[in-house]
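One structure is given here, and the rest of the page talks about it.
Derivation of every value follows stated rules applied to the coordinates shown; laboratory data play no part. Predicted model, so just to flag it, every value in this text is computed and none were measured.
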Amino acid sequence: MNAAKPRAPLLPDAAHILVVDDDRRLRDLLARFLGDHGFRVTVAKDATEARARMGLFVFDALILDVMMPGENGFDLARDIRATSNIPILMLTARNEADDRITGLEIGADDYLPKPFEPRELLLRINNMIRKQAKQAPLQQEPREVIRFGDFLFRVDRRELRRGDEIIRLTDRERELLAILTERPGETIPREAIAGDDLVSDRTVDVQINRLRRKIEEDPSNPVHLQTVRGLGYRLLVD
């Protein structure tokens, strides 16, 4: 699992992967390999630690070992899937059909037996994230008020508040929030954000980053306004 090529530049909005495995050596290798390919990576040694990490961050995909002490990967995946549609890739040292079927039945998106080829893992992770972003969203009722964190956005007025304070927005920032709140939680393609002007990707990035400075505690590690790498942006709402 050696990565010979130089590490890819790590963007603040790179997809964030949670790796859960009780094998410290494998955790470190996966973190290094995925980091070399431009992902942000957080690791956990068991289900308890994984839940703590998920309480702090929003992840784009989960790599989950089946055989762990205490709560196993199947049980953790079943519990996560009850409230989240995060892409899950199961890892196991066993290659029995029953294990693969169990993982898929409880809602895992993919399954990879150990030992595995790192490039195959990379392809599967990218495919899961891409598929998740392109899935047709559930129809939602229109809402006049969108809440995210401490903020409230009045769709009809295009007004952003934090408590009693009105946050000053430029016309373009109001437009961006209006676009993102039309389909809250969904990935909005870059071309939809660019609009009829079809501005460059770089210009869209600059506009998004300016908006983040007003709604994110740490714009370099956004919680509300996130990038789906290669596709677009999404606003995570309450």
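Would you grab the residues whose amide H sits under 5 Å from the one on V41? Only those 5+ places off in sequence or on another chain, please, with H modelled 1.01 Å from N.
Answer set, sorted by chain and number: I17.
Read phi for every residue in segment 160-176 and hand back ³J(HN,Hα) as whole Hz from Karplus 6.51 cos²θ - 1.76 cosθ + 1.60, θ = phi - 60°, with x for Gly and Pro.
For segment 160-176, the Karplus-derived couplings read 10, 10, 10, x, 8, 8, 8, 7, 6, 10, 6, 4, 5, 5, 4, 5, 4 Hz, x marking Gly and Pro.
Report the Cα centroid-to-centroid distance between segment 166-196 and segment 147-164 in angstrom, as an integer.
Value for the Cα centre distance between the two parts: 14 Å.
So if the hydrodynamic radius of the chain is defined as the Kirkwood radius over C-alpha pairs, what does Stokes-Einstein give as its diffusion coefficient at 37 °C and 0.692 mPa s, in µm² per second? Walk me through the intermediate numbers first.
Numbers: Rh = 19.2 Å.
Here the translational diffusion coefficient equals 171 µm²/s.
Viscosity 1.002 mPa s, temperature 20 °C: what is the translational diffusion coefficient of segment 16-134 from Stokes-Einstein with a Kirkwood Rh over Cα pairs, rounded to a whole number of µm²/s? Don't skip to the end; give the middle numbers.
Values: Rh = 14.1 Å.
The calculation lands on 153 µm²/s.
Please list, in chain and number order, the residues 5+ apart from I188 or on another chain whose amide H is under 5 Å from its amide H, with Hs placed from the backbone.
When sequence neighbours closer than 5 places are left aside, the close amide H contacts are Y233, R234.
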